[in-house]
Ligand code: PEP
Ligand code: MN
């Protein structure tokens, strides 16, 4: 439930509403928007009578949020959430870009890739150190050594980094090296991990599960937000369908749907969505045209020799070309790529 206060409500009115909500068994969370204050009532007290709240002094309107996600819901705040990392913004009118290899393979591989990417203005580098591979015999990533390389290369090029955390036990380690924690598609409903990520004050990229509905995806975001971490970036990375030609099926409708349902930024991963390098460019352009808040793209200095996902990794020169194209498309839909 959301209690929207009048613009002239006093601090005392707001506190009285919060106390009243708490007396009814809700957790009250106050959010100060530009034009109004909203008191979020968190809890599932179905029998609460909305009118009891409407009558309180200073209350303008009470909205019963029928969705099961509350903090992630569009109605819960007046404006879009903007997540900012290293000067790159995701959300509202900003489109942020993240690029880098699927996996950190060696210092030289990453440094060469980062060098090329920095020439295309990339400020956030991706690179997996713990890889969730379908086969236990496939390259699993360099582990902590990979995170160290990622950090050191990124520092050399003034970049921030994102990498996938696979397990709660890795959290302290990730906090030492990583600026944005990535939750992979296979872990979207690892609720214990999500709860822990709710306690940190660092952005989280939450990938959509392989066959997750929008509601399930937003409920997972809610897990993180319920813990107090509002910096969630949703990432559509393709869903499982009957089509086998592409690795997954990119659900571009997720962009307008999520924007209607939530204030959280949504970015697109065209690399895992299509699995094929030549499909990454058109789908990136389409995502930008559909108004996404960012892209995360796999780029490798030598994709033909990549240890993981080479076929879907762009050559750096391809990324550069794509960057120049999407920079032109973004303003047409009122977005800015910084
Ligand atoms: C990745 O980004 O490297 C990755 C494994 O993605 P996903 O979780 O979307 O499969
Ligand atoms: Mn990959």
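The values are calculated or read from the model by the stated rules, or taken from the named source; none is laboratory data. For clarity, every value in this text was computed on a predicted model and none was experimentally measured. In this analysis, Cβ positions are derived from the backbone assuming ideal geometry, glycine residues included, and neighbour counts consider all displayed protein chains.
Picking from residues in region 308-338 that are out of contact with any helix residue (DSSP H, G or I) (no Cβ under 9 Å at 6 or more places or on another chain) and part of a loop (DSSP other than H, G, I, E, B), the one that is surrounded by the fewest Cβ atoms within 10 Å (Cβ to Cβ) is 334.
Can you go through 231, 318 and tell me which one is more than 22 Å from the chain's Cα centre (by Cα) and in the same structural domain as residue 105 (by TED's automatic domain parsing)? Being more than 22 Å from the chain's Cα centre (by Cα) and in the same structural domain as residue 105 (by TED's automatic domain parsing) holds for just one of 231, 318, which is 318.
Of all residues in region 256-287, those satisfying the criterion of being buried (at least 21 other Cβ atoms within 10 Å of the Cβ) and more than 16 Å from ligand 2 (Cβ to nearest atom) are 258, 262, 263, 264, 265, 266, 287. Checked against the criteria, residue 165 counts as modelled with pLDDT of 95 or more and either surrounded by 24 or more Cβ atoms within 10 Å (Cβ to Cβ) or not assigned by TED's automatic domain parsing to the domain that holds residue 213 (or both).
Conditions first: (1) out of contact with any helix residue (DSSP H, G or I) (no Cβ under 6 Å at 6 or more places or on another chain); (2) away from ligand 2 (no atom under 16 Å from the Cβ); (3) in a strand (DSSP E or B). Residue 182 passes all but one, so which condition is the exception? For residue 182, the exception is condition (2). The one condition from (1) out of contact with any strand residue (DSSP E or B) (no Cβ under 9 Å at 6 or more places or on another chain); (2) within 26 Å of residue 269 (Cα to Cα) that residue 72 does not meet is (1). State whether the residues of region 31-41 include one that is assigned to a strand (DSSP E or B), surrounded by fewer than 16 Cβ atoms within 10 Å (Cβ to Cβ) and not assigned by TED's automatic domain parsing to the domain that holds residue 320. Yes: one or more hits.
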